[in-house]
Amino acid sequence: MDNKKYKQGDLLSKINTPEDLRKLDKTQLPQLSKELRRYIVDVVSEKGGHFGASLGVVELTVAIHYIFNTPYDQLVWDVGHQAYGHKILTGRKNQFPTNRKYKGLSGFPKRTESIYDTFGVGHSSTSISATLGMSLASKIKKNTTKQHIAVIGDGAMTAGIAFEGLNHAGAEDTNLLVILNDNCMSIDPAVGALKEYLAGISTSKIYNKARKKAWKILGKISKFGPNAQKIAKKVESGIKTTVLGESNYFESLNFRYFGPIDGHNTEHLTQILEDLKNIHGPKILHCITEKGKGYEFAEEGNPTQWHAPGLFNKETGEILAPKKIISPPKYQDVFGETIIELAKINNNIIGVTPAMLSGSSLDKMMDEMPERTYDVGIAEQHAVTFSAGMATQGIIPFCNIYSTFIQRAYDQVIHDVAIQNLNVVFCLDRGGLVGADGATHHGAFDYAFLRCIPNLIVSAPMDEHDLRNLMYTAQKKTRGPFSIRYPRGKGVRNEWRNKMEELTIGKAKKIQVGKEIVVLSIGHPGNFVKQASKKLEKKGISIGHYNMIFVKPLDEKTLHSVCKKYNNIITIEDGCLKGGFGSSILEFVSENKYSNQVHRLGIPDRFIDHGTQEELWAECGINSTAIIKEVESIIQKSQISQAG
Ligand SMILES: Cc1ncc(C[n+]2csc(CCOP(=O)(O)OP(=O)(O)O)c2C)c(N)n1
């Protein structure tokens, strides 16, 4: 790992923990924020990672750690992609350049990494529930001094679980502060009615005028001693009922709503946070921030692009790998182009994404056919049931969800789609090991948790042509639920726009015939098998290979002939070994009383951290080297046993 030292600035260089930060004078906080921001720009431009969100919360991060007694006070970052400043201020400054690298810091807060990371995150919208849990635990322990703070974005606030947390928290008398970090953006522009509502509050002139006056009084409430609570309540309800009426969303859930305030003003932020410390019960502080704040190219550019821009030239703002179709293309782009092609010939097709418009490349369809493309917010459960509703009316939704995020909607897949045998096409992007996002984001479990669901077709393409053919097949006739799972990153073909053809459901493709050993692959690892067999051929070893395409239904006819022809079957999948594709082959062999040896390659039974996909595949034994090793070991063992 390269050990380049990054400049830290006079103040930042002296800060290792929030305790050091608290020794600063309040007037030094803007300078510290500047240095922190510059350090993030310097490192992320050269090392990659999430970007705009962390820059947007620099002042908020400094203010929270300055005012609250972390780690005693419990701070939870929602999603955690914006927590780089937090990591740097909480003992990980010098390791920050290893962020998201193999064996380096995780890109998200992680309990095993730091005592300041109170809750592991990565998937969104958990912060309110988790913090409420912590605050009620404090109550059970009769601890009335501990503060519990959730920082959640306006995008994350669109998820059902965030509402569930608010709903519960509003009915509990605990010491909970929710800081709503409102930058009007998810990864793509925020969507939905809540966005309109928040924009309404933020721009209401009468409200803001009244609020400013009220804050002047509220700023002094801590000096009112025992009467502080009463006075604060009076002032707030004064402005809220006159200006917002009874309709304040958060107030109606029994939260006390403060704001909106400028989330980039450390003086104001620290003053308000100090005041809020003295107000008991569930409260929400609405902060307005700007994604990419303080880095002119991000401020002026496209915030979606600056969410996670990859490497860039910090002086010129040039993004080194701009988003365009490359060759071979990314699987997501093949999906994004193909759905448009299909939607042009089939009027019933629509596209659905829960907040991953550009990540799934469904933004292409949104540009071309906005009336047939739905970004429903960070709401995977809703995306699935909404698609189910559409399907009852003969529409064919292509519901694109990252493999890891469909875990959120498991019941909806079973209850709302599969039981009713509805024709929803699940396009599961980022299947398998995804790389730098790590354990929270690997799409490791989908084969295992989908293949046990009746009615559901479970498939995975080996390359771009398979993907296009599967998409074509899924909409060609009504077949019930159909899942197509593909990996993060590039495919393998420069010429990928084949003339699409209908596949036979549950039919494997024979790639080559071999002698003793056959490899059954599902999905993109089939390409590793191709590489391995070329190398093995040079050593005079010939292996059979089938690209199974379908995990369910399995191609039983092919499997019977495979079991009769080959003694040794190697299975390979970029998915968990427990219960996955290889397990389905073991079941087949056992249930049909064959005596083949089945050797499974795939993700072992533990959570895999972050790194490049290549590093992680190597760690798990999902690559051509692992296949060659397995083949040679089988040969060696069988020769030994033959000799014996
Ligand atoms: C359940 C889930 N779905 C999707 C994502 C992908 N994702 C990561 S960050 C993000 C946007 C979050 O927006 P917001 O909370 O407003 O934070 P911001 O980036 O604007 O600061 C999304 C959709 C996720 N992490 N978790």
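The values are calculated or read from the model by the stated rules, or taken from the named source; none is laboratory data. All values reported here derive from a predicted model rather than from experimental measurement. We place every Cβ from the backbone using ideal geometry, glycine too, and count neighbours over all the protein chains shown. We work out accessible area using only protein heavy atoms, side chains counted, and drop any ligands, DNA or RNA first. Shrake-Rupley method; radii C 1.70, N 1.55, O 1.52, S 1.80 Å.
Brief remarks follow.
- Scaled radius of gyration (Cα, divided by 2.2 N^0.38 Å) that the range 238-349 gives: 1.70
- For the pair Gln420 and Lys510, label points projected 7 Å from Cα toward Cβ lie 4.3 nm apart.
- Projected-area average for the range 491-561 over all orientations - Cα convex hull basis, square nanometres: 5.7
- Our coupling estimate for the range 79-90, obtained by passing each phi through the Karplus curve with A = 6.51, B = -1.76, C = 1.60 and θ = phi - 60°, is 6, x, 6, 9, 9, 5, x, 4, 4, 5, 7, 10 Hz, Gly and Pro reported as x.
- Of the trypsin sites (Lys or Arg not before Pro) in the range 506-552, those whose Cβ has at most 15 other Cβ within 10 Å and which sit in DSSP loop: Lys507, Lys515, Lys539
- The string of couplings for the range 35-52 from the Karplus curve (6.51, -1.76, 1.60, θ = phi - 60°) is 5, 4, 4, 5, 5, 4, 4, 4, 6, 5, 4, 9, 10, x, x, 6, 9, x Hz, one whole number per residue in order, with x for Gly and Pro.
- Within straight-line reach of Lys195, meaning a Cα separation under 24 Å, sit the following lysines at least 8 residues removed in sequence or on another chain: Lys205, Lys209, Lys212, Lys240, Lys283, Lys291, Lys293, Lys364.
- Rounded to 0.05, the FRET efficiency of the Asn348 and Lys323 pair, given R0 = 30 Å and the Cβ-Cβ distance, is 0.55.
- Applying the Karplus relation 6.51 cos²θ - 1.76 cosθ + 1.60 with θ = phi - 60° to the range 370-379 yields 3J(HN,Hα) values of x, 6, 10, 10, 10, 9, 9, x, 6, 8 Hz, where x marks Gly and Pro.
- 20 Å binning of all Cα-Cα separations within the chain, expressed as whole percents from 0 upward: 18, 47, 28, 7, 0
- Annotation: amide H-H contacts under 5 Å for Gly544 (H modelled 1.01 Å from N, sequence separation of 5 or more, or interchain): Gly514, Lys515, Ile517, Val518, Val519.
- Ordering of 309-318, 481-490, 40-49 by packing is 481-490, 40-49, 309-318, highest average first (other Cβ atoms within 10 Å, averaged per residue).
- Rounded to the nearest 10 degrees, the inclination of helix 228-239 to the longest alpha-carbon principal axis of the chain is 80 degrees.
- The calculated FRET efficiency for Lys499 paired with Lys477, based on their beta-carbon distance and R0 = 22 Å, is about 0.75.
- Counted residue by residue at 0.36 nm each, then reduced by the alpha carbon distance between them, the extension gain from Ile395 to Lys5 reaches 134.8 nm.
- Shape class for the range 358-414: oblate, because the ratio a/c of the largest to smallest gyration tensor axis (alpha-carbon atoms, square roots of eigenvalues) is 1.5 or more and b/c is at least a/b.
- P(r) for the range 536-595, from all Cα pairs and a bin width of 5 Å, is 4, 15, 27, 26, 16, 8, 4, 0 %, short bins first.
- Based on DSSP H segments of at least four residues, each scored -39500 (n - 2.57), the chain has a per-residue ellipticity at 222 nm of -11000 deg cm²/dmol.
- Sum of side-chain charges, Thr289 neighbourhood, beta-carbon under 12 Å (Lys, Arg +1; Asp, Glu -1): -4
- With semi-axes defined as the square roots of five times the eigenvalues of the C-alpha gyration tensor, the equivalent ellipsoid of the range 389-481 measures 22, 16, 11 Å, largest first.
- Where a label projected 7 Å from the Cα of Glu619 along Cα→Cβ would reach, residues of the range 113-144 with amide N under 16 Å: 113
- Stretch gain in nm, segment Gln639-Asn592, where the contour uses 0.36 nm per residue and the Cα spacing is subtracted: 14.2 nm
- Summing charges over all other residues whose Cβ lies under 11 Å from the Cβ of Leu357, with Lys and Arg as +1 and Asp and Glu as -1, gives -3.
- Accessible surface of the range 582-644, 1.4 Å probe, proportion on carbon and sulfur as whole %: 49
- Given R0 = 35 Å, the distance between the Cβ atoms of Lys564 and Met369 translates into a calculated FRET efficiency of 0.10.
- Under 19 Å from the Cα of Lys142 - aspartates and glutamates, other chains or at least 8 residues apart: Asp73, Glu172, Asp173
- Placing a pseudo-label 7 Å from each Cα along the Cα-to-Cβ vector at Lys538 and Asn455 gives an inter-label distance of 5.1 nm.
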